[in-house]
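Below is one structure, written out as structure tokens, with a few remarks after it.
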Amino acid sequence: MSKTVYLDHAATTATDPLVVEAMLPYFTEKFGNPSSIYSIASGNKNAISNARDIIADAIGAKSEEIYFTGGGSEADNWALKATAEAYSNKGKHIITSKIEHHAILHTCEYLESKGYEITYLDVDEKGIIRLDQLKSSIREDTILVSVMFANNEIGTIEPVTEIGRIAHEYGALFHTDAVQAFGQVPINVDEMNIDMLSASGHKLNGPKGIGFLYIRKGLRLRSFIHGGSQERGRRAGTENVPGIIGLGKATELAVQSMNERIKNETVLRDYLIKRLTTEIPYTRLNGHETKRLPNNVNVSFQFVEGESILIMLDMAGICASSGSACTSGSLDPSHVLLAIGLPHEIAHGSLRLTLGYENTKEEIDYVVDNVKRIINNLRNMSPLYEDYIKKNTK
Ligand SMILES: *Cc1c(COP(=O)(O)O)cnc(C)c1O
């Protein structure tokens with residue numbers, strides 16, 4: 001197999017050719033500024049509005065509740081900082097979890113430096129937050145609960161509906177970082193008690209640098225960017241028209257194909273998990289068996305280093321990840337794997353494989369064969385493994 005096998009869809013995805021096709025005219029003949037009066041420009045206003053409708057529909061929201069942003073990180077920053085500011089007269093306490101993306105965690109650290117108090121909820125060994133701990137942490141002065149819809153490293157899907165219900169019982173708002181979930185699993189903001197939701201184009205075969213924040217009507221959030229009246233004055237700046245069109249198209253395709261993708265990816269995912277955990281000794285699955293994104297596999301192999309696995313997989317043309325893309329390059333084990341209770345040495349031997357709609361069973365077999373060979377080779381070079389085997393075969 002000479003082609004690349006891409007199994008890192010949680011890091012980013014290729015833009016679907018149909019999405020590119022939909023975007024292209026907006027770079028050239030339809031380049032006009034949507035705020036201009038003449039018809040070649042004002043048509044873009046309708047195109048944006050159409051994309052907004054598609055996205056709102058996908059999560060059961062109203063069109064005017066969708067605000068386009070420069071991606072998932074911006075949406076997360078906006079939700080947290082603006083809520084903190086707007087509701088500081090009610091309180092300065094925010095609840096989040098220990099397994100959030102850095103776009104949330106580092107924003108929380110920033111807010112701590114500004115005098116806010118943050119509670120970081122623990123998760124159980126499968127990565128699910130503890131609802132009883134949420135209930136006991138929430139207080140009169142809690143203004144916001146922000147817990148991700150699905151985790152980007154281990155794929156665990158959080159009990160969002162219950163989290164939202166508890167937040168509302170105590171008069172707090174509920175934000176969810178749904179960057180990994182949007183377009184992958186069904187979402188309904190009303191049924192799930194969600195007040196704000198972040199998503200990003202490049203995780204669902206859309207373009208990079210475009211995302212959105214859903215803000216429930218009536219919330220008093222401050223503007224994120226001051227300037228013109230774009231995005232109802234809350235996020236100023238000439239619209240990223242091709243990006244918005246691309247995100248709209250990607251959403252339309254994701255919604256149309258969702259059921260079939262969930263079915264196919266779940267089969268491939270479970271096949272991959274089964275082969276890895278049964279054919280390679282001293283291997284464990286990280287995350288929940290069923291409350292899990294259909295495209296996520298995360299396993300730990302004892303006695304090996306994740307980075308070495310990645311380098312050797314790369315030589316076989318396989319793209320994978322050992323943790324979140326943002327943390328690779330540092331030698332600290334992932335905060336998510338530590339939060340589910342893995343010891344450092346096991347967290348270090350972790351591999352994340354995330355599927356996309358284009359992956360096939362043949363590719364999965366190729367990957368498993370290579371992983372088996374690589375783990376075997378690495379273990380044969382590992383003094384830890386040698387010691388362990390000696391001790392256990394006496
Ligand atoms: C990728 C990701 C983000 C960041 O989105 P960008 O569009 O890359 O800024 C935030 N949260 C989660 C869970 C993600 O997976």
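How many residues are assigned to a loop (DSSP other than H, G, I, E, B) and closer than 16 Å to Gly201 by Cβ when one looks only at the stretch 46-66?
Start the filter on the stretch 46-66 by keeping residues that are assigned to a loop (DSSP other than H, G, I, E, B), which leaves 59-62.
Add one more test, that the residue is closer than 16 Å to Gly201 by Cβ, and what stays is 59.
Residues meeting the conditions: 1.
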Checklist entry - Mind checking which residues of the stretch 176-214 are within 11 Å of the ligand (Cβ to nearest atom) and among the acidic types (Asp, Glu)? => result Asp177
Checklist entry - If you take the residues of the stretch 1-33 that are farther than 26 Å from Asn151 by Cβ and surrounded by 19 or more Cβ atoms within 10 Å (Cβ to Cβ), which of them is farthest from the chain's Cα centre (by Cα)? => result Tyr26
Next on the checklist: Looking at the structure I just gave you, is Leu221 closer than 28 Å to Leu144 by Cβ, in contact with a strand residue (DSSP E or B) (Cβ under 8 Å, 6 or more places away or on another chain), within 15 Å of the ligand (Cβ to nearest atom) and of a type in the set (A, V, I, L, M, F, W, C)?
Outcome noted: no
Checklist entry - Restricting the search to the stretch 262-282, which residues are under 18 Å from the mean Cα position of the chain (by Cα) and surrounded by fewer than 19 Cβ atoms within 10 Å (Cβ to Cβ)? => result Ile262, Thr266
Item to check | Residues that are of a type outside the set (A, V, I, L, M, F, W, C), touching a Pro at 6+ places or on another chain (Cβ under 9 Å) and in a helix (DSSP H, G or I), drawn from the stretch 228-258 | outcome: Gln230, Pro242, Gly243, Gly246
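When residues of the stretch 110-140 are filtered for being in contact (Cβ under 8 Å) with a residue 40 or more places away in the chain and more than 19 Å from Met196 (Cβ to Cβ), how many remain? Spell out how you get there, then give the answer.
The first filter runs over the stretch 110-140 and keeps only residues in contact (Cβ under 8 Å) with a residue 40 or more places away in the chain, leaving 122-128, 137-140.
Then drop every residue that is not more than 19 Å from Met196 (Cβ to Cβ), which leaves 122-128, 137, 139-140.
Selection size over the stretch 110-140: 10.
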Checklist entry - For the stretch 194-226, how many residues meet the condition of being over 21 Å from Thr83 (Cβ atoms) and either assigned to a loop (DSSP other than H, G, I, E, B) or in contact with a Leu (Cβ under 8 Å, 6 or more places away or on another chain) (or both)? => result 8
Next on the checklist: I need a count of the residues in the stretch 155-175 that are out of contact with any helix residue (DSSP H, G or I) (no Cβ under 7 Å at 6 or more places or on another chain) and within 13 Å of the ligand (Cβ to nearest atom).
Outcome noted: 4
Next on the checklist: As an exercise: evaluate Asn152 against (1) crowded, with 24+ Cβ neighbours inside 10 Å; (2) assigned to a loop (DSSP other than H, G, I, E, B); (3) more than 13 Å from the ligand (Cβ to nearest atom) and give the number of the one condition it does not meet.
Outcome noted: (3)
Checklist entry - Can you tell me which residues in the stretch 67-113 are touching a Phe, Trp or Tyr at 6+ places or on another chain (Cβ under 6 Å), within 15 Å of the ligand (Cβ to nearest atom) and in a helix (DSSP H, G or I)? => result Trp78
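Would you tally the residues in the stretch 248-271 being in contact (Cβ under 8 Å) with a residue 40 or more places away in the chain and either of a type outside the set (Ser, Thr, Tyr) or farther than 22 Å from Gly201 by Cα (or both)?
Just the residues of the stretch 248-271 that are in contact (Cβ under 8 Å) with a residue 40 or more places away in the chain, to begin with: 248-255, 257-258, 261-262, 264-265, 268-269, 271.
The next check asks that each one be either of a type outside the set (Ser, Thr, Tyr) or farther than 22 Å from Gly201 by Cα (or both); those that pass are 248-250, 252-255, 258, 261-262, 264-265, 268-269, 271.
So the count comes out to 15.
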Checklist entry - Is it the case that some residue within the stretch 58-66 is surrounded by 20 or more Cβ atoms within 10 Å (Cβ to Cβ), within 30 Å of Leu131 (Cα to Cα), away from the ligand (no atom under 15 Å from the Cβ) and of a type in the set (D, E, K, R)? => result yes
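Taken together, the values in this text are just the output of simple stated rules run on the coordinates, not laboratory data. Computed from a prediction, not measured in an experiment: that's the story for all the values here. Cβ sites come from the backbone with ideal geometry, for glycine too, and all protein chains shown count toward neighbours.
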